[in-house]
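The values are calculated or read from the model by the stated rules, or taken from the named source; none is laboratory data. Model, not experiment: these values are computed from the prediction. In this analysis, Cβ positions are derived from the backbone assuming ideal geometry, glycine residues included, and neighbour counts consider all displayed protein chains.
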Amino acid sequence: MKAAALVPMIGLEIHVQLKTETKLFCADRNAFGAAPNTHVCPVCLGLPGALPVLNARAVELAVRTALGLHCQVRRTSIFARKNYFYPDLPKGYQITQYERPLATGGWLAAESGDATTIRIRRVHLEEDAGKSLHDRLPNRTAVDFNRAGVPLVEIVTEPDLTSPAQARAFLGRLKQLMRYLEVSDCDMEKGSLRVDANVSIRAPKAAPGARTELKNLNSFANVERALDFEIERQRGLHARGRGVAQDTLHWDEGRGEARSMRAKEESRDYRYFPEPDLPPLILDPTWIEGIRADLPESPESRRARFQEQYGLPAYDSEVLTADRGIADYFEAVVAGAVEPKLASNWVMGDVLGRLHQTRVEIANAPVSPPRLAELIRLVADGTLSVPLGRRVLTRMAERGATAAEIIAAEGLRQIQDKGQLQDWIAEVVAAHPQEVARYRQGDSKLLAFFMGRIMQRSRGRADPRRASALLQAWLNREA
Ligand code: MN
């Protein structure tokens, strides 16, 4: 059997921190970046006698997540204790859901515009652990419990992904959906989205081999790299007639390799049992339906709608729906009586370019959609040329003014007056007799040179079409 014929089967477990004000079982703030151990209390520190109280907002966000992933939300789910010893787990157990999770049986498109779907096995609610800090005290490990008890949803896929690149693309779709649903900011650098991947390889018509689990994948790029590495390793073992041992592997980003983490502990026994301090979670179907009715349009259907309703190319639709705020912004510009493709060009080019440069979120864009719409209309009706429009937009962003205000204050209106244009042309050709001669000998590329000088002299205000026509008429007439 050729190694290449062995098909990878990849499943993902994704932990997403929910964007709540407070933790899952107590009133401490769910806030990233605070001084260590400032958002803690007897409940999340696991002190004797403290009792958990479930955060309703976390349940709501988890249900939103599950419905967005087309899962069936269970009317009754059960919290369980997952017992293990770890320094950042003060209770000695994690409250999670095990046999009866919040939701099961969903799906999400693998890639944009791709009919392939990846099945979601389950979505459940659980609490995060604290954080061990190895870089704060010399030769010691410190523990910060601010994160202990922060609400998580764990999303588990079926092993439907067949390549590392597809796994990476799928994670991008998932993150995009979570952000549309406003359940999490999914910032991997802050640990609010964390991924474990399991992978096995299977010969056609054979049972899959043993699977290994990859941990410590701190970026989507690393998910892809680690899976590439591990699939090659498993293929190599297979080629030498050796089996793959079930194992948990730690991805070492610096070395670009995965190493066995705890082979000896692989028979993990978490001794799950129902959490005695929490009753079963019973959800009212009417409440669930209310959350469903409140779901935003999905990125996938919005992308398709942008192509149909506005006649945009697939590429534009993809860029404009990458983020819900960008899509909202674009639609607000179109609502200002602007042709959709024009609106798309301005938003994708000038607006997103500037936001990217200045590292500003679209929600805080300095130019509002109605003001951008006004500017685009002024370009469309010829009051401004495209380059002038760009300059006006820059000034609008800097000064917080409207296009009309900038044009009035700075005299930036496009100049179409024949007399004025001919004056500039005369000045430019008089200053460059050699270039005029060369143009007349057939060097037609010099037209762009003359136009550049005319635009410079007019401070960008000359109507380029009109000026170009007049310039060519002059050059040909005097020949
Ligand atoms: Mn988990």
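From 129, 142, which residue is of a type in the set (Gly, Ala, Ser), in contact (Cβ under 8 Å) with a residue 24 or more places away in the chain and within 16 Å of the ligand (Cβ to nearest atom)?
Step by step, each of 129, 142 is checked, and only 129 is of a type in the set (Gly, Ala, Ser), in contact (Cβ under 8 Å) with a residue 24 or more places away in the chain and within 16 Å of the ligand (Cβ to nearest atom).
Taking the criterion of being within 14 Å of residue 156 (Cβ to Cβ), within 15 Å of the ligand (Cβ to nearest atom) and out of contact with any helix residue (DSSP H, G or I) (no Cβ under 8 Å at 6 or more places or on another chain), would at least one residue in segment 80-92 satisfy it?
no
Restrict the check to segment 232-245 and report whether at least one residue is crowded, with 19+ Cβ neighbours inside 10 Å and in a helix (DSSP H, G or I).
Looking through segment 232-245, at least one residue is crowded, with 19+ Cβ neighbours inside 10 Å and in a helix (DSSP H, G or I).
Tell me, yes or no, whether segment 52-62 has at least one residue that is β-branched (Val, Ile, Thr), surrounded by fewer than 19 Cβ atoms within 10 Å (Cβ to Cβ) and over 15 Å from residue 101 (Cα atoms).
Within segment 52-62, one or more residues are β-branched (Val, Ile, Thr), surrounded by fewer than 19 Cβ atoms within 10 Å (Cβ to Cβ) and over 15 Å from residue 101 (Cα atoms).
Among (1) touching a Pro at 6+ places or on another chain (Cβ under 9 Å); (2) free of Cβ contacts under 8 Å to residues at least 12 places away in the same chain, which single condition is residue 112 missing?
Every condition holds for residue 112 apart from (2).
Please count how many residues of segment 85-107 are within 25 Å of the chain's Cα centre (by Cα) and surrounded by fewer than 20 Cβ atoms within 10 Å (Cβ to Cβ).
Residues meeting the conditions: 3.
Which residue, of 33, 113, 105, 46, is assigned to a strand (DSSP E or B) and not aromatic (Phe, Trp, Tyr)?
Unique residue meeting the criteria: 105.
From (1) surrounded by fewer than 21 Cβ atoms within 10 Å (Cβ to Cβ); (2) under 28 Å from the mean Cα position of the chain (by Cα), pick out the condition that doesn't hold for residue 27.
Every listed condition holds for residue 27 apart from (2).
Residues 427, 435, 405, 398: which one is at pLDDT 90 or above, touching a helix residue (DSSP H, G or I) at 6+ places or on another chain (Cβ under 6 Å) and acidic (Asp, Glu)?
435
Does at least one position in segment 420-436 carry a residue that is assigned to a helix (DSSP H, G or I), closer than 30 Å to residue 372 by Cα, among the hydrophobic types (A, V, I, L, M, F, W, C) and within 50 Å of the chain's Cα centre (by Cα)?
Scanning segment 420-436, I find at least one residue that is assigned to a helix (DSSP H, G or I), closer than 30 Å to residue 372 by Cα, among the hydrophobic types (A, V, I, L, M, F, W, C) and within 50 Å of the chain's Cα centre (by Cα), so the answer is yes.
Does segment 324-339 contain any residue that is modelled with pLDDT under 95, of a type in the set (Val, Ile, Thr) and within 20 Å of residue 175 (Cβ to Cβ)?
no
Any residue in segment 456-472 that is of a type in the set (Ser, Thr, Tyr), over 16 Å from residue 414 (Cα atoms) and part of a helix (DSSP H, G or I)?
no
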